[in-house]
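A short write-up of the structure that comes next.
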Amino acid sequence: MRLLSDAARNLWLAARNVIPMIAVLLVFQFLIARRPLSHGRVFCLGTLFVVLGLFFFLTGVSMSLLPLGDEVGRGLVLLDNKLLVILVAFAVGYTSTLVEPGLRSLAGEVEEVSVGAIRQTLLIHTVALGVGAGMALGVFKILNRIPTRNVIVPMLIASGVLALLTPAEFAGIAFDCASATTGPVNIPINMAIAIGLSSVVKSADPLLNGFGVVGLTSLGPVLTVLLLGMTKG
């Protein structure tokens, strides 16, 4: 019964998230643009697929990624080797970025607009490197109980300096990549690992140390893409 209740709640949540966006688009299409839908049946079927897809994703995240991330975070401290813990965090951040759908779409657009000058694969792996570095840095700050602002402020300053030195087009791409990486795969697992780890590290406050990791995994790609821009420039 509880499984059915959770499934119904996730289905309603998926529909509630999708319907307002579709309603706004339909209002514009019918009342402002005053144009009919070209393929009404295909649109309705596609909307159903979107709702069901989001439902299955939310259900899958709550059943797999979040519990697994929390267990991995709690298990990392058992390694009793800070360097190995940081390397594992880097690997998690790197590999989870490679499957981010938003990043793949953005990288494809960048390759198309740049007429192949910025290859999709190169950009994806550059961003993944930044996310991995940000995740590793986030775990490092948790293990050593370093305040988040002491890490984020220097990264913000560095990104500002690099933005002035790199070609202008890379500055925009870098910050767009930072947004694309904070997607449906990275956030659940990275947050779960960070909070799980900070909850078992001695004298570490999960509220103070567990959060801020998403910010670090966003700033990491900004720095790596800007550095890529400097090599291209």
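The values are calculated or read from the model by the stated rules, or taken from the named source; none is laboratory data. On a predicted model such as this, the values are computed, not experimentally measured, just so you know. Backbone-built Cβ (ideal geometry, glycine too); neighbour counts: all protein chains shown.
The criterion of being more than 24 Å from Ile193 (Cα to Cα), surrounded by 11 or more Cβ atoms within 10 Å (Cβ to Cβ), outside the structural domain of Ser199 (by TED's automatic domain parsing) and of a type in the set (Val, Ile, Thr) holds for Ile22. Checking the stated criteria, Leu219 turns out to be in contact with a helix residue (DSSP H, G or I) (Cβ under 9 Å, 6 or more places away or on another chain), in contact (Cβ under 8 Å) with a residue 12 or more places away in the chain and part of a helix (DSSP H, G or I).
Met230 meets the conditions (1) modelled with pLDDT of 80 or more; (2) buried (at least 20 other Cβ atoms within 10 Å of the Cβ) in every case but one. The failed one is (2). For the criterion of being modelled with pLDDT of 90 or more and either not β-branched (Val, Ile, Thr) or not assigned by TED's automatic domain parsing to the domain that holds Thr126 (or both), Leu207 fails.
Only one entry of Val161, Val200 meets the criterion of being over 22 Å from the mean Cα position of the chain (by Cα), assigned by TED's automatic domain parsing to the domain that holds Glu109 and modelled with pLDDT under 85, and that entry is Val200.
Applying the set (1) modelled with pLDDT under 85; (2) surrounded by 20 or more Cβ atoms within 10 Å (Cβ to Cβ) to Cys177 leaves exactly one unmet item: (1). Of all residues in region 74-93, those that are surrounded by fewer than 19 Cβ atoms within 10 Å (Cβ to Cβ) have Cβ atoms under 6 Å from Cβ atoms of residues that are part of a helix (DSSP H, G or I) and modelled with pLDDT under 80, 6 or more apart or on another chain, in Arg74/Gly196; Arg74/Val200. Only residues that are within 18 Å of Gly132 (Cα to Cα) and touching a helix residue (DSSP H, G or I) at 6+ places or on another chain (Cβ under 6 Å) were counted across region 71-91, and they come to 8.
Count of region 101-121 residues, restricted to those that are surrounded by 14 or more Cβ atoms within 10 Å (Cβ to Cβ) and not charged (D, E, K, R), is 8. Restricted to region 25-122, the set of helices (runs of 4 or more DSSP H) holding at least 1 residues that are outside the structural domain of Val222 (by TED's automatic domain parsing) and closer than 14 Å to Asn186 by Cα comprises 40-60, 66-76.
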